[in-house]
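Engineer: Quick one: the structure is below, questions incoming.
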Amino acid sequence: MAGNDSSGKQKPLFTLQWHVTARCDQRCKHCYMHKSETYPSEIKNELSYEDCKKIVDDFVKTTSIWGFRPRISFIGGDPLLRKDLYQLIDYAYKKGAQVVVLGNPYHVTEESARKMKELGVCRYQVSIDGMEETHDYFRKPVSFKDSVRAIKILNKTGIRTAVMFTLSKKNSDDLLKVAELCCKLGVYEFDFARLIPIGNGADMMDELFSPAEMREFLLKVHNGYESLKKRYTTKFGTKENLWKPLYYELGLIKDKDIDSLDDNSDMVVGGCSIGINYIPVLADGTVYLCRRLPISIGKVPENSFRTIFINSKKADEMRHLHNYGCSKCRLCAVCRGCPAISKAITSNEFARDPQCWF
Amino acid sequence: MIEYIQEKYLQGEQKPLMYQPITPKEEQVFRYVKNGSLDKVMSCAVCGMCG
Ligand SMILES: C[S@@+](CC[C@H](N)C(=O)[O-])C[C@H]1O[C@@H](n2cnc3c(N)ncnc32)[C@H](O)[C@@H]1O
Ligand code: SF4
Ligand code: SF4
């Protein structure tokens, strides 16, 4: 099978996070896209269908040479606002990519969900950023109710649902309530990510936890998740890198676990995905190392993923541990904090994560 | 040369895509694919969530 290696083991995934459009029917208070440097070009120079096909071809071929299974996450803005999205999904799926969609709830209907299911979409993610009042404050009136409606339709259609929560001081008290709501709705996976104060979110610097508050918050969420896991089947993601220091302190990650992974080559093995198994492309073809770290490393389809990802000087720098402010930390090879937060707050992506207490 | 042809194709010339096999630098960058450590470390985008 194309997705397995010679020993029959499933190959790991390499994700293309593809912002196929910057168009959106919301203008969220925290959104990194609005007020960003690339936004005008993303709106004006949205990639054509022909260019998109070249990008799919190149991504699928390149990742298979590298030994991965390709995964394409169609995202926006709202990807469903692209008229040719179904054609693109069909093209990507038939080329062998796993296809997921990260979008808004508004255009999820019984018909669009059925269509996505038929075309091979295995997961649809919506955002819920708080209970109704808080969520609608960030997004817009009725957004919360519509997200719940969309989740119910997607579940009925048999597309796995995922919910992402963007964490700030303003909504932190709601996180476990939203997690429980997701459990009750039968959401497949729930996770959260910290607010990165860029784009519209640049005005929300005061909404970030201090390191001590961050630790206290994570401990509370850890205990909350453990209790929910006893009663529900929803999975709780652990994409937040600062789980690593907490797990280490709680004895859930041990020294021998880190030693078995870190090969002392001064190169990263996990944590932040930059330079590892993920590449984001913006609506005009600009390539970043992370969507939340606004540093351009090239442009597709003019350049190939291979040239960009392997030859980029910035990618190389970010793969080497000695460049990081926390390089002496026991956990650096498997964590690195979040360089996007470091960049947004200190202007230096290599600076120690300003929310890390460890 | 092969990289050159690949770049030209991506620029719109209708030539078949040709790709070199994995290079030593790529072997190093992706060494964790072979040694299996990627399965063991939850890295930020492994779940394909977030955005
Ligand atoms: C840009 S949106 C695109 C998909 C869809 N429109 C949505 O809102 O879910 C992808 C995710 O990024 C999150 N996001 C946007 N701006 C952010 C920021 N400044 N920091 C952290 N997450 C952010 C959103 O809340 C959402 O969960
Ligand atoms: S976070 Fe999503 S819904 Fe909100 S403005 Fe940004 S792209 Fe649109
Ligand atoms: S910089 Fe790294 S840890 Fe932060 S959001 Fe991007 S991939 Fe994740």
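The values are calculated or read from the model by the stated rules, or taken from the named source; none is laboratory data. These numbers come from a predicted model, not from an experiment. Cβ placement follows ideal geometry from the backbone for every residue including glycine, while neighbour counts extend to all protein chains displayed. Remember, those area values only see protein heavy atoms, side chains included, never the ligands or the DNA or RNA. Shrake-Rupley method; radii C 1.70, N 1.55, O 1.52, S 1.80 Å.
Engineer: So which residues in the range A:248-259 are more than 10 Å from chain B (Cβ to nearest Cβ) and either open to solvent by 50 Å² or more (accessible area, probe 1.4 Å) or within 16 Å of ligand 2 (Cβ to nearest atom) (or both), if there are any at all?
Structural biologist: A:Y248, A:E249, A:L250, A:L252, A:K254, A:D255, A:K256, A:D259
Engineer: Considering every residue within the range A:27-42, establish whether at least one is part of a helix (DSSP H, G or I), away from ligand 3 (no atom under 16 Å from the Cβ), touching a helix residue (DSSP H, G or I) at 6+ places or on another chain (Cβ under 8 Å) and within 14 Å of another protein chain (Cβ to nearest Cβ).
Structural biologist: Looking through the range A:27-42, none of the residues is part of a helix (DSSP H, G or I), away from ligand 3 (no atom under 16 Å from the Cβ), touching a helix residue (DSSP H, G or I) at 6+ places or on another chain (Cβ under 8 Å) and within 14 Å of another protein chain (Cβ to nearest Cβ).
Engineer: Of these, A:L88, A:L81, which one is away from ligand 1 (no atom under 13 Å from the Cβ), of a type outside the set (D, E) and more than 15 Å from the chain's Cα centre (by Cα)?
Structural biologist: Within the list A:L88, A:L81, the selection yields A:L88.
Engineer: Right, A:V178: β-branched (V, I, T), within 14 Å of ligand 1 (Cβ to nearest atom), in contact with a Gly (Cβ under 7 Å, 6 or more places away or on another chain) and in contact (Cβ under 8 Å) with a residue 24 or more places away in the chain or not?
Structural biologist: Criteria met by A:V178.
Engineer: Based on this model, can you work out whether A:Q98 counts as of a type outside the set (D, E, K, R), out of contact with any helix residue (DSSP H, G or I) (no Cβ under 7 Å at 6 or more places or on another chain), away from ligand 2 (no atom under 16 Å from the Cβ) and within 30 Å of A:I341 (Cβ to Cβ)?
Structural biologist: Yes: the conditions hold for A:Q98.
Engineer: Here's something else I'd like to know. Considering only residues that are under 30 Å from B:T23 (Cβ atoms) and without any contact (Cβ under 8 Å) to a residue 12 or more places away in the chain, look in the range A:30-63 and name the one that is surrounded by the fewest Cβ atoms within 10 Å (Cβ to Cβ).
Structural biologist: Out of the qualifying residues, it is A:E50.
Engineer: Moving on. What about A:K54, is it more than 10 Å from ligand 1 (Cβ to nearest atom), closer than 17 Å to A:A150 by Cβ and not in a loop (DSSP other than H, G, I, E, B)?
Structural biologist: The answer is no for A:K54.
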